[in-house]
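Structure, as structure tokens:
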Amino acid sequence: MPVYVYETIPQSNTDFPQTFELRQSMSEPCLTAHPDTGAPVRRVLSGGLATFTGAGASTAPMRGGGGCGSGCGCAS
């Protein structure tokens, strides 16, 4: 099962978001409230590290107009 990152939604200008991780099935709906406090939450989209092996896997570096010089394709 994947691990999802959630953060609380600040209710005032003095609140700061608090993040937590939760292992959930992909078929489960997203949380709308913190399981312990009941505070409203949103799921944080984050990139993962994926390793591709087998047929169709490419070991060639990504190409693009990468500003960082690593060929990652970023536009910085």
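The values are calculated or read from the model by the stated rules, or taken from the named source; none is laboratory data. All of these numbers come straight from a predicted model, not from anything done at the bench. Cβ sites come from the backbone with ideal geometry, for glycine too, and all protein chains shown count toward neighbours.
Checked against (1) out of contact with any Ser or Thr (no Cβ under 6 Å at 6 or more places or on another chain); (2) surrounded by 10 or more Cβ atoms within 10 Å (Cβ to Cβ); (3) modelled with pLDDT of 60 or more, Cys74 passes all but a single condition, namely (3). For Cys30, the requirement of being assigned to a loop (DSSP other than H, G, I, E, B), modelled with pLDDT under 95 and touching a Cys at 6+ places or on another chain (Cβ under 7 Å) is not met. Looking across region 18-49 at every residue that is more than 13 Å from the chain's Cα centre (by Cα) and of a type in the set (A, V, I, L, M, F, W, C), the one that is nearest to Tyr6 (Cα to Cα) is identified as Val41. Within region 1-19, residues that are within 13 Å of Thr32 (Cα to Cα) have Cβ atoms under 6 Å from residues that are exposed (fewer than 10 other Cβ atoms within 10 Å of the Cβ) and at pLDDT below 95 in these pairs: Val5/Ser46, counting only partners at least 6 apart in sequence or on another chain. Within region 1-24, if we keep just the residues that are assigned to a loop (DSSP other than H, G, I, E, B) and closer than 16 Å to Leu45 by Cα, the residue that is modelled with the lowest pLDDT turns out to be Pro2.
Under the condition of being of a type in the set (Val, Ile, Thr) and exposed (fewer than 10 other Cβ atoms within 10 Å of the Cβ), the residues counted in region 14-36 number 1.
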